[in-house]
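These notes concern the structure reproduced below.
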Amino acid sequence: MFKHMPRYEKIWLTLGAASLVVFLAILGFMAVGLGLDAPGHMDTIVPAQAMQTPPFDAPGLKQIGEKEYELVMLGQVFAFAPGEVNIPEGSTVHFRITTPDVVHGLLIPGTNVNMMIVPGHITEFTYTFRKAGDYLMLCNEYCGVGHHLMMGKLIVQA
Ligand code: CUA
């Protein structure tokens, strides 16, 4: 088939094909090796069953230590559950959040809480609220017609 091709051309063609194979092999190896996971060490969950899967079947605040809480949340079109959270000043909150529907976000202005809520994943983040006040919990990923209505309140009491 390559009979009439100059010799050097065959060599380059072979090298090109070989490097492609090596490249794909490395890529495949990396994908398997790294597990192709989304960033931030996320656990997985079946989105359609998220609302029946503990602990997301009962979203809410759970005290796990002195001024330390686990906050299990659901983000869904177009609200957060729970929609209002009360904690004392200086509390460390371990957020665990997922969604049964589409991609949402959880942004709390004035903090560095900025989480992406992805169907099939449990997103975790820890933050210590040192300043008392009313904080807004906002969805910052466009999720549909009610996106701008999707918000909650986190009250840090002095
Ligand atoms: Cu949920 Cu935007």
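Figures for the structure shown
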{"quantity": "Answer residue from the stretch 87-106, given it is open to solvent by less than 10 Å² (accessible area, probe 1.4 Å) and more than 15 Å from the ligand (Cβ to nearest atom) and is farthest from residue 58 (Cα to Cα) among those", "calculated": "91"}
{"quantity": "Exclusive hit being open to solvent by 50 Å² or more (accessible area, probe 1.4 Å), within 11 Å of the ligand (Cβ to nearest atom) and out of contact with any Phe, Trp or Tyr (no Cβ under 9 Å at 6 or more places or on another chain), set 66, 84, 141", "calculated": "141"}
{"quantity": "Single unsatisfied condition, residue 112 versus (1) within 16 Å of the ligand (Cβ to nearest atom); (2) polar (S, T, N, Q); (3) part of a loop (DSSP other than H, G, I, E, B)", "calculated": "(1)"}
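The values are calculated or read from the model by the stated rules, or taken from the named source; none is laboratory data. Predicted, not measured: the structure shown is a model, and the values here were computed from it. Ideal geometry is used to build each Cβ from the backbone, glycine not excepted, and the neighbour counts take in all protein chains shown. Each accessible area value is taken on the protein alone, full model and side chains, heavy atoms only, with ligands, DNA and RNA left out. Shrake-Rupley method; radii C 1.70, N 1.55, O 1.52, S 1.80 Å.
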